[in-house]
Every structure is written in structure tokens, then in C-alpha cells.
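So the structure is just underneath, and the comments pick up after that.
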Amino acid sequence: MRCPFCHHQETDVIDTRKINDGETIRRRRKCRVCTRRFTTYEHVELSLAVVKKNGEREPYNREKLMAGVRVACYRRTIPAQQIEQLVSDVEVALMSQGEQEIPSSVIGDEVLTRLRDLDAVAYIRFASVYRSFADIERLREAVEEILAHDHDTSPNKPDSEGERSKDA
């Protein structure tokens, strides 16, 4: 692995750890010349083609997906580890479909499903780009959708059994 600082070709691995339930390997490295340290990550490379809305096909790119999620999570209190996990979870869902070509809409829906549970603002940001809101009405519908979801999953919401016991 080439050093990102001095570009020397030889580095030493000083620590290796599995993260994301073993789906990713994190390696701490040290350059033999400048002695600076850096981190690398290893992921399974998906050999998928993404079918875009206009019918174009392009190879799946984890970094492109990560960049989109990072933009949605910008200035939110979401740890980088959770963003990594979200993208890994999306990839697992894509692999489980067993298809060689995945519509971009499927990827977007997988991300939105996970962002809805992670952070409402990030969800709205991602949805605004992914769904290409044409007007304020579409944005309002997305906000209402997330508010309804938050209300449905609220821990303070009484379950139907609890409601029956009050009536009895």
C-alpha cells in the first residue's frame, strides 16, 4: 500500500480489526520512510451494474453511495461508523437480491429506509435529491411521511393491548 503522505511504496500493517460484523477490515498502517500512520479499509467489491433512471448502466461504486449519504448527514450528529454501517447494510440487501443489475431506485429506497430510522433531517435531505422534489408540496409530503413514521415508532406510543386494559 502506498503512503498517502510521501508516496513511498512500502508500508507496514500495525493493527488489523474486523468491523461491521466482519464485513469490513480496518488496517492501521505505518510508512517505512516518513513513519506517518494512516488507516485503510477493505470491503467486498460488488460486481453490480446500476441501472439509472435514463436507462444508462454504470458499475456500482461504494464511494459514490457513501458520498451521497455523507452529504445528507452533513452537520448532523451521526458518527462515521454509523454511516459506514448504513452503506454496508445497503450492500448486503443488494447482494441478497441475487441480481447482476440493480435499478438506482432500489438503491435509493434501501438508503431511505435506513435513513428514516437514523436521522429525520438526513432522510429529508437524501429524499429531496433522490426523489427530485419538483415543488414544496412534494417536500411537505416527505416531511409528513417522516413525522408519521416517527409517531408510529415512538416508544411512548401505547400499544393496542395497553389501550384495551385501560378500557376494561
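The values are calculated or read from the model by the stated rules, or taken from the named source; none is laboratory data. No experiment lies behind these values; they were computed from the predicted model shown. Every residue, glycine as well, gets a Cβ built from its backbone with ideal geometry; the counts of neighbours run over all protein chains shown.
Whenever a residue of segment 103-115 is assigned to a helix (DSSP H, G or I), its partners that are surrounded by fewer than 21 Cβ atoms within 10 Å (Cβ to Cβ) and of a type in the set (Lys, Arg), lying with C-beta atoms within less than 7 angstrom and at least six residues away or across chains, give the pairs Ser104/Lys52; Ser104/Lys53.
Among residues that are at pLDDT below 80 and not hydrophobic (A, V, I, L, M, F, W, C), Arg131 is included. Just wondering, is there one or more residues in segment 43-56 that are among the hydroxyl-bearing types (Ser, Thr, Tyr), surrounded by 14 or more Cβ atoms within 10 Å (Cβ to Cβ) and not in a helix (DSSP H, G or I)? No, segment 43-56 contains no residue that is among the hydroxyl-bearing types (Ser, Thr, Tyr), surrounded by 14 or more Cβ atoms within 10 Å (Cβ to Cβ) and not in a helix (DSSP H, G or I).
Checked against the criterion of being farther than 26 Å from Ile19 by Cα and at pLDDT 85 or above, the candidates Val121, Val111 yield just one match: Val121. Restricted to segment 62-94, and to residues there that are charged (D, E, K, R) and buried (at least 19 other Cβ atoms within 10 Å of the Cβ), the residue that is nearest to the chain's Cα centre (by Cα) is Glu84. The set of residues from segment 102-142 being farther than 19 Å from Val71 by Cα and more than 19 Å from the chain's Cα centre (by Cα) comprises Ala134, Asp135, Ile136, Glu137, Arg138, Arg140, Glu141.
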